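Quick notes on the structure that follows.
The values are calculated or read from the model by the stated rules, or taken from the named source; none is laboratory data. Every value quoted in this text rests on a predicted model; they were computed, and no experiment measured them. All Cβ positions, even for glycine, are placed from backbone atoms using ideal geometry, and neighbour counts span all protein chains on display. Accessible surface areas use protein heavy atoms only, side chains included; no ligands, DNA or RNA. Shrake-Rupley method; radii C 1.70, N 1.55, O 1.52, S 1.80 Å.
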Amino acid sequence: MLPQNYAAAFNPVRTIGAQMVDVIRFRQGKNKNEALDYATELLDEMGISLPKKRLGEFPHQQSGGILQRTALAMALSCEPELLIADEPTSALDVTTQKVLLDLLERVKSSHALTLLLVSHNLAIVSQLADEIHVMAGGEIQESGRTQNILTDPQTKAAQNLLRAAKALVLP
C-alpha cells in the first residue's frame, strides 16, 4: 500500500535503509547485504539520486517527493500483485505530482501489477485508471470504463463528482 500520509509510514528514529532492509528481509528472505542491494536498486528505479546515501538518512531528511517515492519503493519491495495508492499526490506540489504519476504509470507496467487508486482528483484518475468505481456513502454507485464515466455519468454521485471537478477548473 502507498498511504496518503506517506511520512507517517516511516519510523522517524530509524534510517530509511534500516526500514527497507527489514521489509525486504522479512518478505523476500534475503540476507542483509542482498536486501541492501535490492533497496538501492528500488530507490534508483524510483529516480532517487544517490540511493546509497539516502538509505543512511532519516525520513525527516527527505523532501516530500523523495519520501513519497521511497514509500513506493518500500511497497514494491514486497513484490505485490496489487498496489493500493490512497490519494498519492494530495500533499505534493504540481511538479512533484507529475513525476509521481509518470512513475506510477511506469511501475504498473514494469512490475506487472494492478493499481487501485483511491482519489477524488479526476485529472489523476483520468490519467491512470482504465476503470472507475464511483463511491458515495461507502458503496459503489457507478462502475465503468474511465472514458464512459467521465463523458456520460449515469448516477447522481458521478455527476456531482464531475461537476465539482469542473468547478475547480472553470471560473
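Here Met46 meets the list (1) among the aliphatic types (A, V, I, L, M); (2) open to solvent by less than 10 Å² (accessible area, probe 1.4 Å); (3) more than 23 Å from Asn121 (Cβ to Cβ) almost entirely, failing just condition (3). The condition of being in contact with an Asp or Glu (Cβ under 7 Å, 6 or more places away or on another chain) and among the hydrophobic types (A, V, I, L, M, F, W, C) holds for only one of Val134, Val125, that being Val134. Segment 85-154 holds strands (runs of 3 or more DSSP E) entirely within its bounds, and those carrying 1 or more residues that are in contact (Cβ under 8 Å) with a residue 24 or more places away in the chain and at negative phi map to 114-118, 131-136.
Is it the case that Ser63 is in contact with a Phe, Trp or Tyr (Cβ under 8 Å, 6 or more places away or on another chain) and within 21 Å of Pro12 (Cα to Cα)? No: the conditions fail for Ser63.
In segment 82-93, is there at least one residue being under 23 Å from Val125 (Cα atoms), open to solvent by 70 Å² or more (accessible area, probe 1.4 Å), within 14 Å of the chain's Cα centre (by Cα) and modelled with pLDDT of 95 or more? Scanning segment 82-93 turns up at least one residue that is under 23 Å from Val125 (Cα atoms), open to solvent by 70 Å² or more (accessible area, probe 1.4 Å), within 14 Å of the chain's Cα centre (by Cα) and modelled with pLDDT of 95 or more. The selection criterion, being farther than 22 Å from Leu104 by Cα and of a type outside the set (Lys, Arg), holds for Ala35. Among all positions in segment 52-64, there is at least one residue which is touching a residue at least 24 places away in the same chain (Cβ under 8 Å), assigned to a loop (DSSP other than H, G, I, E, B) and buried (at least 17 other Cβ atoms within 10 Å of the Cβ). For segment 1-30, taking the residues that are open to solvent by 70 Å² or more (accessible area, probe 1.4 Å), part of a loop (DSSP other than H, G, I, E, B) and of a type outside the set (Lys, Arg), the one that is farthest from Asp86 (Cα to Cα) is identified as Val13.
You will find that of Arg106, Arg163, Arg145, the residue that is of a type in the set (D, E, K, R), open to solvent by 70 Å² or more (accessible area, probe 1.4 Å) and within 30 Å of Tyr38 (Cα to Cα) is Arg106 and no other.
For segment 114-136, does any single residue satisfy the condition of being open to solvent by 60 Å² or more (accessible area, probe 1.4 Å), over 21 Å from Leu72 (Cα atoms) and over 23 Å from the mean Cα position of the chain (by Cα)? Taking every residue of segment 114-136 in turn, none turns out to be open to solvent by 60 Å² or more (accessible area, probe 1.4 Å), over 21 Å from Leu72 (Cα atoms) and over 23 Å from the mean Cα position of the chain (by Cα).
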